[in-house]
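One structure is given below, encoded as structure tokens.
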Amino acid sequence: MNAKEQLQHCGLAPTANRVRVVEALAQAVGPRTPLDLLEHLAQRMNRVTLYRILDLLVEHGVATRHNAGERAFRYCLASGPLGHAHFHCTRCGQTQCLESQALELDLRSLCAKLPMRVEGAEFHLSGLCQGCLIA
Ligand SMILES: [Zn+2]
Ligand SMILES: [Zn+2]
């Protein structure tokens, strides 16, 4: 699914600015802060517009927002109904998305056993990233 289709799939009109934000999120290697995104968009969008679009994307399930103990929220594209886990490196501060199929399956079976209806899940793993382990 491209950015335009993804927006339409989630019930949003694919305006040029929304498409640009979704594309910027898709190209990111990890979850981005709004400032990272502004930089990536080469300042062609004002901050208020970007925040408004990010809120809308989260509301419609296109993107997820999370906080790894930092001051700024980070955003990435949503994957699956229960999302995905993030790894935060305590040395260099980098945050990565972990696309773990196994985690999602375990979550599904866990949720199936719970008497509540789970609508979201957030996982943060922390430690040393590959780069910091070698250094
Ligand atoms: Zn690191
Ligand atoms: Zn992510």
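Laboratory data are not the source of any read-out in this text; all were calculated from the coordinates shown. None of the values given here were measured: they were computed from a predicted structure. Cβ placement follows ideal geometry from the backbone for every residue including glycine, while neighbour counts extend to all protein chains displayed.
How high is the relative contact order of region 80-135, given as a whole-number percent (alpha carbon pairs under 8 Å, six or more residues apart)?
49 percent
When only Cα pairs under 8 Å and 6 or more residues apart are kept, what is the percent relative contact order across the chain?
Relative CO of the chain lands at 21 percent.
Mind putting a number on the dipole of region 1-92 about its Cα centre? Charges go on the C-beta only, +1 for Lys and Arg and -1 for Asp and Glu, and I need it in Debye to the nearest 20.
Roughly 180 debye, rounded to the nearest 20.
Rounded to the nearest 500 deg cm²/dmol, what is the calculated helix-only ellipticity per residue at 222 nm for the chain, with -39500 (n - 2.57) per DSSP H run of length n ≥ 4?
-12000 deg cm²/dmol
Compute log10 of I(q)/I(0) for region 1-78 with the Debye formula, placing one identical point scatterer on every Cα and leaving out solvent, at q = 0.13, 0.21 Å⁻¹, to two decimals.
Results for region 1-78 at q = 0.13, 0.21 Å⁻¹ read -0.33, -0.89.
What does the extension gain come out to for residue 47 and residue 111, with contour length at 0.36 nm per residue minus their alpha carbon separation?
Numbers: separation 64, 0.36 × 64 = 23.04 nm, distance 3.76 nm.
Fully extending the segment from residue 47 to residue 111 adds 19.3 nm.
Quick one: if you take sqrt(5λ) for each eigenvalue of the C-alpha gyration tensor of the chain, what semi-axes come out, biggest first, whole angstrom? It would help to have the intermediate numbers written out before the result.
Working: eigenvalues 126, 95, 30 Å².
Semi-axes (√(5λ), whole Å): 25, 22, 12.
When the Kirkwood radius is taken over all Cα pairs of region 80-135, what Stokes-Einstein diffusion coefficient follows at 37 °C and 0.692 mPa s, in µm²/s? Write down the numbers at each step before the final one.
On the way: Rh = 12.7 Å.
After rounding, the answer is 259 µm²/s.
Taking amide hydrogens as modeled 1.01 Å from N in the peptide plane, which residues meet the under 5 Å criterion relative to residue 78, leaving out close sequence neighbours?
It is 63, 64, by chain and number.
Post the alpha-carbon centroid distance, region 5-26 to region 30-70, in whole angstrom.
The two parts, judged by their Cα centres, are 12 Å apart.
So what's the net charge close to residue 55: Lys and Arg +1, Asp and Glu -1, counting the other residues with Cβ under 12 Å from its Cβ?
Here the charged neighbours net out to +2.
Between residue 85 and residues 5 or more places away or on another chain, which pairs have amide H atoms under 5 Å apart, with H built 1.01 Å from N, and which residues are they?
98, 100
Say we join alpha carbon atoms closer than 10 Å with springs in a Gaussian network model of the chain; which of 37, 57, 110 then has the biggest fluctuation?
Result: 110 has the largest fluctuation of those listed.
Going toward the positive end of the dipole of region 1-78, with +1 on Lys and Arg Cβ and -1 on Asp and Glu Cβ, which of 24, 38, 75 do you reach last?
The Cα lying farthest towards the positive end belongs to 38.
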